[in-house]
1. Within region 108-128, does at least one residue satisfy the condition of being out of contact with any Pro (no Cβ under 9 Å at 6 or more places or on another chain), under 18 Å from I3 (Cα atoms) and among the aromatic types (F, W, Y)?
2. Taking into account only those residues within region 21-35 that are in a helix (DSSP H, G or I) and without any contact (Cβ under 8 Å) to a residue 40 or more places away in the chain, which is nearest to K10 (Cα to Cα)?
3. List the number of the failed condition for P115; all other conditions in (1) closer than 23 Å to F58 by Cα; (2) open to solvent by less than 40 Å² (accessible area, probe 1.4 Å); (3) part of a loop (DSSP other than H, G, I, E, B); (4) not charged (D, E, K, R) hold.
4. Does region 83-112 hold any residues that are of a type in the set (G, A, S) and crowded, with 18+ Cβ neighbours inside 10 Å, and which are they?
5. Please verify whether V103 is touching a residue at least 40 places away in the same chain (Cβ under 8 Å) and under 27 Å from Q54 (Cβ atoms), treating the condition exactly as stated.
6. Does E51 satisfy the condition of being open to solvent by less than 70 Å² (accessible area, probe 1.4 Å), modelled with pLDDT of 95 or more and over 28 Å from E95 (Cβ atoms)?
7. Which one of these does A39 not meet: (1) in contact with an Asp or Glu (Cβ under 9 Å, 6 or more places away or on another chain); (2) more than 18 Å from L120 (Cα to Cα); (3) open to solvent by 20 Å² or more (accessible area, probe 1.4 Å)?
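The values are calculated or read from the model by the stated rules, or taken from the named source; none is laboratory data. On a predicted model such as this, the values are computed, not experimentally measured, just so you know. Here the Cβ is made from the backbone with ideal geometry for all residues, glycine too, and neighbour counts use every protein chain on show. Quick note on the areas: whole protein, heavy atoms, side chains included, nothing else; ligands and nucleic acids left out. Shrake-Rupley method; radii C 1.70, N 1.55, O 1.52, S 1.80 Å.
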Amino acid sequence: MWIGHSGAGKDFGAKCFYTAAPGTYGGSCSSAVAPVIAAALDVPLEQAWKERHQNRMFWFNFLNEFRREDPALVARMTFRFGSCIVGVRARREYEALRAIPGVGLTIWVEQEGLPKDPTLELTRADADI
């Protein structure tokens, strides 16, 4: 599981990691749920994806409701495409994932100078490395 503020390099780190380690990078949580968000907004997928940062709070709130009954739902959608999950933001989702065998390592990615991400409920202390 790769966590950190938006723009810190989580996707880049995961892509690099899986060029040398077993497993696959299949995209972020955002890429897995983008079709669901696009349908909810009634916009083309490309538009939903392109505007995801400016609609960050909508995505966060929508996904919290989307996975309310099953905190690991988005993770399972993401795992269909690869063997890691990149971009977990919600504490409830994080805790559900930590309970799943095989999701034992959490990596914090940080880049100096980025603004705090208001949707990130996790901190460096939640990561193993």
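1. Yes, region 108-128 contains a residue that is out of contact with any Pro (no Cβ under 9 Å at 6 or more places or on another chain), under 18 Å from I3 (Cα atoms) and among the aromatic types (F, W, Y).
2. A34
3. (2)
4. G87, A90, A96
5. When the stated conditions are applied, V103 does not pass them.
6. yes
7. Exception for A39: condition (1).
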